[in-house]
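The values are calculated or read from the model by the stated rules, or taken from the named source; none is laboratory data. This is a predicted model, so every value here is computed, not measured. Note that we place each Cβ from the backbone using ideal geometry, even for glycine, and neighbour counts take in every protein chain shown.
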Amino acid sequence: MKTIAGLLYSNDHEWIKVEDGKAYIGITDYAQHALGEIVYVELPDVDSEFKAGDVFGVTESVKAASDSYLPVSGKVLEVNEELSDSPQLINEDPYGSWMVLIELSDETELEQLMNERQYQEFCGKEE
Amino acid sequence: MAELRKTALFPAHEKYKGKVVDYAGWALPVQFEGIVAEHEAVRNAAGLFDVSHMGEVEIKGAQAGEYVQNLVTNDVSVLNDNQILYTFMCYPHGGIVDDLLVYKFTNNHYFLVINAGNVEKDYKWMKDNVGTYDIEMRNLSDDVSELALQGPKAQEILQGLTDTDLSEIGFFYCKRDVNIAGANCLISRTGYTGEDGFEIYLDHKDAEAVWDKIMEAGQEKGIKAAGLGARDTLRFEATLPLYGNELGEDITPLEAGFGMFVKLNKANFIGKEALQKQKEEGLKRKIVGFEMEENGIPRHGYDVLSNGTMIGFVTTGYFSPTLKINIGLAMVDIAYAELGTPLEIQIRKKALKAKVVSKKFYSKNYKK
């Protein structure tokens, strides 16, 4: 399982990359592997607002649809349209395939997330 | 949760790195390498499935044929020895107890293959309907392993492991006491994928060795170990129904679109009166095929709408691995069953556009 230093991670296997009050969010390598071949990604509308823990999107494999949870509160600034045509990019490069870019509404929420080492330990226990 | 039952091939699932899930109380692999890769292997070369969870019931006796004829909707009287038919068992009200294969070995010896999730219910139903028929019945479900070798290269692969000339076994025929890699097997040219192939019934003690031999023999021909995930996408593309999706206690075979397996012209059988009546009065709903016109994957249980009014439900839906489009089967009110009818499928918060299309998503490649 691949992880990347410098990213934050959630219990629901999303990764968060913070840049100047904004955050790119996607699903981790662990998550894409558990899902299998991804054939469809549903993304939210730009400007929609979510609270931490809300479902912001859906990732679907051949077998099933799986909700993606926003780990922190915020407003959607951009969605990665490329995933609509090429959902398999998440399998190929999960950390290069961000799903949404949000404006963080409460940066203190970031403190609840895991760093790389903590996330590796967390996944170790889930095995 | 109760402990999951394991088939004799459980060690093989681990060896081939299957992702094991709970299916009808059984620990079975949903996939090995991946659903799409396994699906494509079956369409283009071959796939090997463990289907040991399926149930088997043997019926013997002077009146075995008459008993089965009363039990099922299709006409058993036309079968030759070693011929097989697909049929339903129905309740008196016309709903489906189960769908099954009937193997006729001889006039007084039949072998019925039923769904794993229905074994107890089916066996009780069969016993409750013995009446005065002079038969003996045995539930062999716990005693038999079953493999399904499916795909255009199935025969070529299996032929390398047996002296029996497989080309002599026609579609929906079987042969008993076939020696496959040293094991005594019942084999039939049947399956649940829309491709040519064989189903192989054998003792638990031989199952793993035969699995390994087939995988070895098929290696150069592109065989893959295949799981329940691909089994479902394959059967769906070929419009083969699944009990619990297209079939159920409150769905009749006519509504499901399988009237060709209901012979209303034969003498009495359980459910005949209700099905006759339904046919005369006309169907109020039926299963149709549909294709999504907006981007979204339809799934089992989603609502089907027309201009915002609920008119049915999705029985099975997928991103089709072969056709690369989002398609499904749905039970809809009869007014919406014509080809081309616009529908909406409720996918989470959105009602997305779809239209009724032919259910023949994929043309079956059976050997004639």
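Points worth noting:
- Residues within the stretch B:178-205 that are touching a residue at least 40 places away in the same chain (Cβ under 8 Å) and either surrounded by 18 or more Cβ atoms within 10 Å (Cβ to Cβ) or assigned to a loop (DSSP other than H, G, I, E, B) (or both), tallied: 16
- When every residue of the stretch B:289-310 is checked against the conditions, at least one turns out to be outside the structural domain of B:Ile35 (by TED's automatic domain parsing), aromatic (Phe, Trp, Tyr), farther than 26 Å from B:Phe172 by Cβ and touching a residue at least 60 places away in the same chain (Cβ under 8 Å).
- The residue of the stretch B:330-349 that is nearest to the chain's Cα centre (by Cα), among those that are more than 14 Å from chain A (Cβ to nearest Cβ) and among the β-branched types (Val, Ile, Thr), is B:Val332.
- Residue count for the stretch A:30-84, restricted to those that are facing chain B (nearest Cβ under 9 Å) and over 30 Å from B:His39 (Cβ atoms): 0
- Qualifying residue in the stretch B:297-318 (condition: of a type in the set (S, T, N, Q), within 14 Å of chain A (Cβ to nearest Cβ), closer than 21 Å to B:Pro241 by Cα and part of a loop (DSSP other than H, G, I, E, B)): no
- Residue among B:Phe290, B:Phe269 that is in a strand (DSSP E or B) and either away from chain A (no Cβ under 14 Å) or within 25 Å of the chain's Cα centre (by Cα) (or both): B:Phe290
- Matching residues in the stretch B:158-211 - criterion: being under 22 Å from B:Asp143 (Cβ atoms) and among the aromatic types (Phe, Trp, Tyr): B:Tyr192, B:Phe198, B:Tyr201, B:Trp211
- Matching entry among B:Leu48, B:Leu112, B:Leu85, B:Leu28 (being surrounded by fewer than 19 Cβ atoms within 10 Å (Cβ to Cβ) and either part of a strand (DSSP E or B) or in contact with a Leu (Cβ under 7 Å, 6 or more places away or on another chain) (or both)): B:Leu85
- Considering residues of the stretch B:149-177 that are within 23 Å of the chain's Cα centre (by Cα) and assigned to a strand (DSSP E or B) only, the residue farthest from B:Val42 (Cα to Cα): B:Arg176
- Of residues in the stretch B:9-25 being within 18 Å of B:Ala148 (Cα to Cα), part of a loop (DSSP other than H, G, I, E, B) and not hydrophobic (A, V, I, L, M, F, W, C), the one farthest from the other protein chains (Cβ to nearest Cβ): B:Tyr16
- Filter result for B:Ala37 (surrounded by fewer than 23 Cβ atoms within 10 Å (Cβ to Cβ) and either within 27 Å of B:Thr233 (Cα to Cα) or acidic (Asp, Glu) (or both)): yes
- From B:Tyr201, B:Tyr133, residue being hydroxyl-bearing (Ser, Thr, Tyr), in contact with a strand residue (DSSP E or B) (Cβ under 8 Å, 6 or more places away or on another chain) and under 30 Å from B:Ile270 (Cβ atoms): B:Tyr201
- Failed criterion for B:Val262 (all others in (1) of a type in the set (A, V, I, L, M); (2) without any contact (Cβ under 8 Å) to a residue 60 or more places away in the chain; (3) more than 19 Å from B:Lys360 (Cα to Cα) hold): (2)
- Residue in the stretch B:238-257 that is farther than 23 Å from B:Ile327 by Cβ and touching an Asp or Glu at 6+ places or on another chain (Cβ under 9 Å) present: no
- Some residue of the stretch B:55-65 being closer than 23 Å to B:Thr233 by Cα, of a type in the set (Lys, Arg) and assigned to a strand (DSSP E or B): no
- Residue within the stretch B:280-289 that is closer than 28 Å to A:Asp85 by Cα, crowded, with 21+ Cβ neighbours inside 10 Å and among the small types (Gly, Ala, Ser) present: no
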